[in-house]
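Below: one structure, written as structure tokens.
The values are calculated or read from the model by the stated rules, or taken from the named source; none is laboratory data. This structure is a prediction, so every number in the text was calculated from the model and none was measured. Here the Cβ is made from the backbone with ideal geometry for all residues, glycine too, and neighbour counts use every protein chain on show. Just the protein is used for accessible areas: all its heavy atoms, side chains included, with ligands, DNA and RNA removed. Shrake-Rupley method; radii C 1.70, N 1.55, O 1.52, S 1.80 Å.
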Amino acid sequence: MVLAFEQGPIRPPSEAFSLLFRLTRNCPWNKCAFCNSYRNKKFSRRSVQEIKDDIDTIAEMCRLVKEISMKRGFGGLLNMELLVQIHNSEDYQLFHVAYWLYNGGKTVFLQDANSLIMKTVDLVDILQYLKERLPTVERITSYARSSTLARKSVEELYALKEAGLSRIHVGLESGSDEVLKLINKGTTAQQHIEAGQRAKKSGISLSEYVILGMGGKQYSREHALETAGVLNQINPDFIRLRSLTVVEGTPLSEKVRNGEFEIESEEEIVRGERLLIEHLEQIQSSIVSDHAMNLLEEVNGKLPEDKEVILAVIDRFLALPPKEKQNFALGKRWGVYRVLDDMLDATQHAKVAAALEKLEQEGKYQETLSFLRNQVI
Ligand code: SF4
């Protein structure tokens, strides 16, 4: 019989080397206007016993990987050669566990969208069991909604931290109530603040995700300034930047069609990004642009000391002549450039310039840019 445990479809980019398994299925809210991750999928809970059984299965898979290593002459060790063999000969989940072990077997991400919706006492039980059965684990992380976090006391969150929960990833998206209402986030700015402050007080590391461009043209300024205001009150460990991409079939795409939401241009989004970062004050957060959807992936650094360096990256883009801004945007979305310095490569620059000219002649620049952005999701 093939061993199996339940996994969901999503993880944050920073959890690329983590073991992934499910505590709950899908999203209990599932109504954010921009989100397609769990659309048409019903939320359901898993019992503590089911989850513990999955942890046992993962522990058994760890043992199996060792056994395979012994049998194939690797002395119980796991190197790239054996990893490739396991990839080619075993099922995907055994490979996932082997890949995790190859990367140290240290980090776990609990799926899906809001594991903290479970009762604290059950979560503590699961975290303790996980650490007992998988003793190499050093970091356990999960997504959580602010409205759920805000219902847990600092004492409960502290109990989770003591049981092993190291980091919580929260989709803040915006700190503006207008924007939160527009995107149907089901959370207010005040709840974001309460939730974030509680997580911080408990000692759990906190990542807040912000969507650049989420205010659209109408609320661009409010989005930047009020998001900065909320983040200033939370002081999260990480502020992770994402750029809005409107996914076809979402309520937001409908709002775009009927004119209720106007998508900002690449430059407007970058201007909003600058306004946001400029107004982050007296916090010690790391700013991370760890997603290819961001036009300026090099906007990274620790506040307050790197603020000027971060703003200088943004200003470098904003100071480009209009044609060069278009050149960078197209090259970035096309995958020719990653960072601004890539434009200095004359061959690549000429290649993008030629494509840009052709697209402009055909009146297809914007359309192509939107198409390329949507490919990144
Ligand atoms: S809470 Fe997260 S997963 Fe759920 S609908 Fe909103 S963005 Fe999507």
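Structure data summary
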quantity: Subset of region 189-210 that is hydrophobic (A, V, I, L, M, F, W, C) and within 15 Å of the ligand (Cβ to nearest atom) - its residue that is nearest to GLU15 (Cα to Cα); calculated: VAL210
quantity: Helices (runs of 4 or more DSSP H) wholly inside region 219-331 containing at least 3 residues that are in contact with an Asp or Glu (Cβ under 7 Å, 6 or more places away or on another chain); calculated: 220-234, 307-318
quantity: Single residue of region 154-188 satisfying the filter (within 16 Å of the ligand (Cβ to nearest atom), assigned to a helix (DSSP H, G or I) and not basic (Lys, Arg)) that is nearest to LYS255 (Cα to Cα); calculated: LEU182
quantity: Enumeration of residues in region 131-153 that are within 16 Å of the ligand (Cβ to nearest atom) and either open to solvent by 70 Å² or more (accessible area, probe 1.4 Å) or not assigned by TED's automatic domain parsing to the domain that holds SER207 (or both); calculated: ARG151
quantity: Residues of region 270-294 that turn out to be in contact with a helix residue (DSSP H, G or I) (Cβ under 8 Å, 6 or more places away or on another chain), under 28 Å from SER370 (Cα atoms) and at pLDDT below 95, as a count; calculated: 3
quantity: ILE86 vs. criteria over 30 Å from VAL246 (Cα atoms), buried (at least 18 other Cβ atoms within 10 Å of the Cβ) and in contact (Cβ under 8 Å) with a residue 24 or more places away in the chain; calculated: no
quantity: Residues of region 16-34 satisfying the condition of being within 15 Å of the ligand (Cβ to nearest atom), open to solvent by less than 60 Å² (accessible area, probe 1.4 Å) and either of a type in the set (D, E, K, R) or modelled with pLDDT under 95 (or both); calculated: ARG22, ARG25
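Quick grid of which residues meet (1) more than 26 Å from ALA292 (Cα to Cα); (2) modelled with pLDDT of 95 or more; (3) in the same structural domain as ALA292 (by TED's automatic domain parsing):
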| residue | (1), (2), (3) |
| --- | --- |
| LEU160 | yes, yes, yes |
| VAL170 | no, yes, yes |
| ILE183 | no, yes, yes |
| GLY249 | no, no, yes |
| LYS255 | no, yes, yes |
